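Here the structure is laid out as structure tokens; the discussion comes afterwards.
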Amino acid sequence: MTRAAAIALALCAALLPATVAHARPAPARKVAILEFRSGSAALPGIARKVAALLREQTSLDIVGPRDARRTYGANLDADVVACAGEAPCIATVGRAVDADEVILIGVSELGSVIITLQRIRSEDGKVLARVAEALPAAATATPKRLGAFMRRLLPRADFSRYGTIRIDANITGAAVLIDEHRRGQTPLPPIRVPAPASYRIAVKKSGFLDFDAEVAVPPEGEVIVRPMLARAPKDAWYESWWVATIAASVLVGGGVATYLYFRDDPDDVPVVIQPF
């Protein structure tokens, strides 16, 4: 049988309902970013910049200043000023915006610009960490500088981002491998993996054609893979060396591309068929 025939067979298999679903957010610790100024106009927009940085670099669910005002109401800034940096008072604001923690950024000037960062637990007002730094009067809130502050303030684990892979197969007792590492048999709970990253998924069971897919897992997201394993007919001509394994219909940008992989092929090159 020719290679073209193998591709045609795999295209027919692509019509089976093997899909990778949209990613959806996974729960994360919710942290509000608030700003308190003591007569200083230095480091403008610092709370907004910190919120943007933490959304990009951490696994936290960040409530930025604008979102906090929308939830709390128009008195947010006045109430934060009235708290004067006192942690128990700030914790009440954190609870009002449904945040597990508050990062309070204080900015003042005594010749130099003084920036004070407090990480406050909303439940009881406990200060979990504090960082204070004196900066030159002309200092700016660069991403590098803010990132260094946040890594001193937050646990290292917050900067490790993860996603999950959920395997929803049509049969039980199939072996699941991720990047060639066995992770159990179907059914099995969602598998937590570092993200963003791409992973090769294989689902195998004796007597069935293998399922093989490569998926991209976004941070704090879940990718659902639904392999539909079909029985392998005995003594069929397509059980020879070039047997194709359909990888899946994978969401790529705004469209869908079908990826076909050929097992034991000496070229070991995936065939990619873009949508019309």
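The values are calculated or read from the model by the stated rules, or taken from the named source; none is laboratory data. This one's a predicted model, so the numbers in the text were calculated from it and none came from an experiment. Reconstructed Cβ throughout: ideal geometry from the backbone, glycine too, with neighbour counts over all protein chains shown. Quick note on the areas: whole protein, heavy atoms, side chains included, nothing else; ligands and nucleic acids left out. Shrake-Rupley method; radii C 1.70, N 1.55, O 1.52, S 1.80 Å.
Counting protein heavy atoms only, segment 141-206 has 49 percent of its accessible area on carbon and sulfur, 1.4 angstrom probe.
Share of carbon and sulfur in the accessible area of segment 61-112 stands at 47%, probe radius 1.4 Å. Counted by Cβ distance under 15 Å from Arg156, the other residues give a net charge of +4, where Lys and Arg count +1 and Asp and Glu count -1.
Grouping the Cα pair distances of segment 77-151 into 10 Å bins from zero gives a pair-distance distribution of 19, 46, 30, 5 percent in increasing distance order.
Toward the positive end of the charge dipole of segment 51-153, with +1 on the Cβ of Lys and Arg and -1 on the Cβ of Asp and Glu, the farthest Cα among Thr71, Leu146, Leu104 is that of Leu146.
Between Thr172 and Glu214, the distance separating the two model label sites (each 7 Å from Cα on the Cα→Cβ line) works out to 3.4 nm. About its Cα centre, segment 53-194 has a charge dipole of approximately 400 debye under the convention of +1 per Lys or Arg Cβ and -1 per Asp or Glu Cβ, with nothing else charged. Remark: segment 46-111 carries 48 Å² of accessible area per residue (probe radius 1.4 Å; ligands, DNA and RNA excluded).
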